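**Q** Take this structure, written in C-alpha cells, and hold onto it; I'll ask about it next.
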Amino acid sequence: MSQRQETIEAGIEAIRKYGTGACAAQAIGGYLDIHKQLEKEIAEFVGQEDAILFSSGFGANTGLLRAILGKNDIAYIDSYIHTSATSGLIGTNIKHIGHNDIDYLDMVLEKETGLYKTRIVIIDGVYSQNGDLSKLPDYIAVCKKHGCLLMMDDAHGIGVMGNNGRGTAEHFDCLGQVDIITGTFSKSFGGVGGFVAASAKMIQYLRYYADSNVFSAAITPQVTGSVLKAIELIKSKPEIMAKLWNNVNYLRNRLQNAGFDIGHSESPIFPIMVRDNKKVYKIADMLQKKCIFASGIVYPAVRTKEARIRVSVLASHEIEQLEQLAIALEDIRSVIPF
C-alpha cells in the first residue's frame, strides 16, 4: 500500500489540510478529526467497539499492558509472542505457555483460579517469524471457560487474513469474540503507528492511563490519511487480496516442491529454514547480489537452531519475481547446502 498512487495522494491531501504533524500528544491538542475517523474505521474493521491510536505498534502493546496489569495480575503468554508485548509486562506476573499449547493453558488456568485479580492470555494472530496462526477459536473457548481476558496482537494478520482482510478473527469467523486486538499500520497498510481495539469502556480508560499514548505525539496527518485510504482500498478492491493469495499459494507450492523447509506457514510470511547463523548471513548476501531482498533472521529474534531466511509475499509481486526468488534459492543451495 505504501507505493499505491491512491494512498500517496491521500497522504498529500491530509498534509494540505492539517499540515505535516499533529504537533502534540492526543491528550493535549494533537487529536485531530482525522485521527478520530481512523479510530472508528479500524475498530469497525476488526470487529471491536472502539479503538485508540499510538505512535507505533510497539507502543500500543506496551502502553496497553502497563495500563491494565499490576502486581496482583498475571499474563499467560505464548512463547512466540512479539517483544513489544513482553516489554509491557514489567511489574506484573508472567507465565510462559508453549506455542499454541491449549491443553496446558487450560490446565494452568483451572489450577490458578482465584489467585489473581486480572488474568489475561496474550497471543499473536499470525506469528511474525513462522507465518503460522494461533488456534484462535480454542483460545476464545478456554478464556471464556475460565473468565480470562484474551489479547491478540494481529499486526501480521490485519489486511491479509480473512476473506475481506479484516484479520485473523475474520479468518476463523470469530469477529467480535476477542477482548482486545492490537496491531500496527506499518505492515499491510503501508504506514506507521499502532492501535488498540477493544470495548468502549477499555478504550476510554486507555486514553488516560496508556503512557505511550498520553506522552507521545500523535501519528502524522499524512500517515493517518494514507492508512484510511489503504483500509478503503482493501474493503473496495477484492482483486488486491485475490492477487496476494494467488502469489502466496504459488510461492508456497513452488518452494515445497523444490524441497525447501518452510515450516507450517499459513500466511504471506515464509520462513525458509537454514538452521545455521553463518549460512543465513551468506545466503541473504547472495540473494541481495541477485537483486532480491530477504531478511536473515537469527538469535535473538528466533532460537539458536532456528535461523532462517524470512520472505514476505506482497500483492504487488508478479509471478515472475517469485519464480526468480525460487530459482535463486535453488542456485544458492547448490553452493551452500541447506
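The values are calculated or read from the model by the stated rules, or taken from the named source; none is laboratory data. On a predicted model such as this, the values are computed, not experimentally measured, just so you know. We place every Cβ from the backbone using ideal geometry, glycine too, and count neighbours over all the protein chains shown.
**Q** If you go through the range 96-116 one residue at a time, how many are among the acidic types (Asp, Glu), in contact (Cβ under 8 Å) with a residue 12 or more places away in the chain and in a helix (DSSP H, G or I)?
**A** So the answer is 2.
**Q** Of the numbered conditions (1) of a type in the set (A, V, I, L, M, F, W, C); (2) in contact with a His (Cβ under 7 Å, 6 or more places away or on another chain); (3) surrounded by fewer than 22 Cβ atoms within 10 Å (Cβ to Cβ), residue 175 satisfies every one except a single condition; which is it?
**A** (2)
**Q** Given the conditions (1) surrounded by fewer than 22 Cβ atoms within 10 Å (Cβ to Cβ); (2) more than 18 Å from the chain's Cα centre (by Cα); (3) among the hydroxyl-bearing types (Ser, Thr, Tyr), report the number of the one that residue 226 does not fulfil.
**A** (1)
**Q** Within the range 299-332, can you find the residues that are surrounded by 15 or more Cβ atoms within 10 Å (Cβ to Cβ) and under 16 Å from residue 281 (Cα atoms)?
**A** 301, 302, 306, 307, 308, 309, 310, 311, 328, 329, 332
**Q** Let me ask you something else. Against the condition out of contact with any Asp or Glu (no Cβ under 6 Å at 6 or more places or on another chain) and either closer than 27 Å to residue 140 by Cβ or among the aliphatic types (A, V, I, L, M) (or both), how does residue 36 come out, does it pass?
**A** No.
**Q** Now for a different question. The conditions are (1) within 18 Å of residue 52 (Cα to Cα); (2) part of a helix (DSSP H, G or I); (3) under 15 Å from the mean Cα position of the chain (by Cα), and residue 203 fails exactly one of them. Which is it?
**A** Among (1) within 18 Å of residue 52 (Cα to Cα); (2) part of a helix (DSSP H, G or I); (3) under 15 Å from the mean Cα position of the chain (by Cα), the lone unmet condition for residue 203 is (3).
**Q** Shifting gears a bit: Show me the helices (runs of 4 or more DSSP H) entirely contained within the range 1-95 in which 2 or more residues are polar (S, T, N, Q).
**A** 5-18, 57-68, 83-86
**Q** If you take the residues in the range 256-297 that are of a type in the set (Ser, Thr, Tyr) and without any contact (Cβ under 8 Å) to a residue 40 or more places away in the chain, which one is farthest from residue 162 (Cα to Cα)?
**A** 281
**Q** Name the residue, out of 289, 235, 282, 243, that is surrounded by fewer than 19 Cβ atoms within 10 Å (Cβ to Cβ), within 19 Å of the chain's Cα centre (by Cα) and either hydroxyl-bearing (Ser, Thr, Tyr) or modelled with pLDDT of 95 or more (or both).
**A** 235
**Q** Just a yes or no: is a residue in the range 31-43 under 16 Å from the mean Cα position of the chain (by Cα) and touching a residue at least 12 places away in the same chain (Cβ under 8 Å)?
**A** Scanning the range 31-43, I find at least one residue that is under 16 Å from the mean Cα position of the chain (by Cα) and touching a residue at least 12 places away in the same chain (Cβ under 8 Å), so the answer is yes.
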